[in-house]
Amino acid sequence: MKYIIPIIFIVFTANTHAGIFFKIANDNSTYSTFIVKGQENMEIQTHLMIKRMKDNYFNISNVDTNFYQITINRGTVLFNNKIIVYELIPTFNDRFKHVVWITEDNVIVRKEVYDLKGKLMFSYGYVDELPHIKQGHKSRKRTVDNNICSEIGEFIGFKVIGCRYLDEDTKHVVYSDGLNKFSIFIDEGAEEKINKKKVVLGNYVYRKSIGHNVYTAVGLIPFDTMDRVIKYINSKEEVNETND
């Protein structure tokens, strides 16, 4: 049964934090929009979703120009700060478009992500002032299991930045090209045959069965690319099994 998720407006108040808005695609047709001011009383799932989506910094030097056409606009002023606007359009139809507003210190003021059809997947930005963000920001460390990482390599510019077992039957691999990123979950020994695709909370989600494994891709790449990376990982696993 199909159901409609209504657009929701949620405001959390805490005067010590700058307000930030989020607009997130719930599915193929509806959005949730909310404004956050502080995180003291935030519902835990909302907090985790925001933490995964929101980045504090953007450095254009981390973007591989082989995969993006980059347009730069330096004429914007926001919150009394000079703003640089980057529009990053994928060179090939294998990843999503980003528009990023940053200060001269690389602090993200606003960000939008669009899929290949021009659909807004999610956006966020400050609504009243910029927060005081300390420099020297470090990226969140991810768990790396070298036994898994050694089996799976780079895929069309996407590097493996995390890999681990969630349990004895499920692997989790995280890819990123410095801008778009996605996860692959590998459920080994699954009996159910699955092939599904949908949009969930600002992400593409694609599930596919190959042999006795079920692969689930979640993140910011098109379904066709998800299918290609799943087949790539499966082929690598088949080679490793043969060598064993």
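Under the condition of being open to solvent by 50 Å² or more (accessible area, probe 1.4 Å), over 27 Å from TYR31 (Cα atoms) and in a strand (DSSP E or B), the residues counted in the stretch 185-215 number 1.
Quick check on the stretch 1-58: of everything there that is of a type in the set (Gly, Ala, Ser) and assigned to a loop (DSSP other than H, G, I, E, B), which residue is modelled with the highest pLDDT? Explain how you work it out, then say what you get.
The first filter runs over the stretch 1-58 and keeps only residues of a type in the set (Gly, Ala, Ser), leaving 14, 18-19, 25, 29, 32, 38.
Keeping just the survivors that are assigned to a loop (DSSP other than H, G, I, E, B) gives 14, 18-19, 29, 38.
Working: ALA14: 33, ALA18: 75, GLY19: 86, SER29: 93, GLY38: 64.
Filtering the stretch 1-58 for residues that are of a type in the set (Gly, Ala, Ser) and assigned to a loop (DSSP other than H, G, I, E, B), the one modelled with the highest pLDDT comes out as SER29.
Got a sec? Which of GLY153, GLY136, GLY157 is under 23 Å from the mean Cα position of the chain (by Cα) and either modelled with pLDDT under 70 or closer than 30 Å to ALA18 by Cβ (or both)?
Working: GLY153 fails: either modelled with pLDDT under 70 or closer than 30 Å to ALA18 by Cβ (or both); GLY157 fails: either modelled with pLDDT under 70 or closer than 30 Å to ALA18 by Cβ (or both).
Only one candidate qualifies: GLY136.
For the condition closer than 26 Å to LEU120 by Cβ, assigned to a strand (DSSP E or B) and in contact with a Lys or Arg (Cβ under 7 Å, 6 or more places away or on another chain), what is the one hit in VAL174, VAL218?
Values: VAL218 fails: in contact with a Lys or Arg (Cβ under 7 Å, 6 or more places away or on another chain).
Of the residues listed, the single one that is closer than 26 Å to LEU120 by Cβ, assigned to a strand (DSSP E or B) and in contact with a Lys or Arg (Cβ under 7 Å, 6 or more places away or on another chain) is VAL174.
The listed residues are ARG74, ARG110, ARG142, ARG95, and the only one of them that is assigned to a loop (DSSP other than H, G, I, E, B) and at pLDDT 90 or above turns out to be ARG95.
The values are calculated or read from the model by the stated rules, or taken from the named source; none is laboratory data. Here the structure is a predicted model, which means the values were calculated and not measured. So basically every Cβ, Gly included, is an ideal-geometry build from the backbone, and we count neighbours across all protein chains shown. Keep in mind that these areas ignore ligands, DNA and RNA; they rest on the heavy atoms of the full protein, side chains included. Shrake-Rupley method; radii C 1.70, N 1.55, O 1.52, S 1.80 Å.
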